[in-house]
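Right, one structure below, let's go through it.
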Amino acid sequence: MPITLITGANKGIGFETARQLLTLGHIVYIGARDVERGEKAAAALGTRFVQLDVTDDASVRGALATIDSAEGRLDVLVNNAGILGHGVIDGPAALRAFDTNAVGIVRVTEAALPLLRKSSNPTVVNVSSSAGSFWAVTDPERPEFNLPLTLYSASKSAATMLTVQYAKSQPGIKFNAVEPGTTATDLTAAFGVGRSPEESAKVVVRLATLDANGPTGTFQDENGEVPW
């Protein structure tokens, strides 16, 4: 049974990804910053919970140590935690957005690498966004062209680049970034748009369940690879 950790999984796409992977036979660990919400989500699904704040090194190390002690390996890591970072644009806001959306990927991935290397089919999925695609945001025909999300877009560009660089430096582990689609979650509530998390989670699950010959270093949505 694959051992899977999903960050930011107490709600939205992370929660639904956990549910779908659970039905596929994965042992799923829900990582969440808030203990009460995380434990409630894990109880609702029948998964396991680890307290995990992607902006806190000690929290990340503690979460991976818990999984190491219980399982001895990690097969799938889904770096899902993210914030929109909209509103006032200043230094502190930029640091918060990048700390969660980009540096958080580094923190969790680096802590997880020793456990991933013990897997026979290690896989990492980074939830990115086409809002961070240069191709999409410079095309007036694309919806991303008019999105007022400077910090989110920039930090998601960094998330996709991290994916590519990790794929190059860790050839034994599959790293792929995903655009899950515009989804109605707390993250997008201010815009009042998006489809269900159940639908968007499907593409995350597809990349989380690749076989040993699956692609690495790609940025994909439900239709395949996305220019970025």
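The values are calculated or read from the model by the stated rules, or taken from the named source; none is laboratory data. Given the structure is predicted, the values throughout are model-derived calculations rather than measurements. Cβ: placed from backbone, ideal geometry, glycine included. Neighbour counts: every protein chain shown. With ligands, DNA and RNA removed, areas are computed over all heavy atoms of the protein, side chains included. Shrake-Rupley method; radii C 1.70, N 1.55, O 1.52, S 1.80 Å.
Here are the numbers for the structure shown:
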read-out: Residues located in the stretch 29-58, provided they are under 23 Å from residue 175 (Cα atoms) and not in a strand (DSSP E or B); value: 52, 53, 54, 55, 56, 57
read-out: Complete set of residues in the stretch 74-96 that are of a type in the set (D, E, K, R) and within 19 Å of the chain's Cα centre (by Cα); value: 75, 96
read-out: The stretch 138-175: number of residues that are touching a Leu at 6+ places or on another chain (Cβ under 8 Å), modelled with pLDDT of 95 or more and under 29 Å from residue 87 (Cα atoms); value: 2
read-out: Residue satisfying condition, being open to solvent by 10 Å² or more (accessible area, probe 1.4 Å), in contact with a helix residue (DSSP H, G or I) (Cβ under 8 Å, 6 or more places away or on another chain) and either within 30 Å of residue 146 (Cβ to Cβ) or not polar (S, T, N, Q) (or both), within set 25, 87; value: 87
read-out: Residues that are open to solvent by less than 40 Å² (accessible area, probe 1.4 Å) and assigned to a helix (DSSP H, G or I), drawn from the stretch 194-223; value: 197, 200, 201, 203, 204, 205, 207, 208
read-out: Residue identified as over 24 Å from residue 129 (Cα atoms), surrounded by 16 or more Cβ atoms within 10 Å (Cβ to Cβ) and either at pLDDT below 95 or not aromatic (Phe, Trp, Tyr) (or both) among 48, 19, 37, 33; value: 48
read-out: Some residue of the stretch 136-145 being open to solvent by 10 Å² or more (accessible area, probe 1.4 Å) and touching a residue at least 40 places away in the same chain (Cβ under 8 Å); value: no
read-out: In the stretch 91-135, residue surrounded by the most Cβ atoms within 10 Å (Cβ to Cβ) [restricted to those that are of a type in the set (D, E, K, R) and over 20 Å from residue 75 (Cβ atoms)]; value: 99
read-out: Residue match in the stretch 125-138 (condition: assigned to a loop (DSSP other than H, G, I, E, B) and over 15 Å from the mean Cα position of the chain (by Cα)); value: yes
read-out: Selection within the stretch 165-175 - open to solvent by 30 Å² or more (accessible area, probe 1.4 Å) and of a type outside the set (Gly, Ala, Ser); value: 165, 168, 170, 171
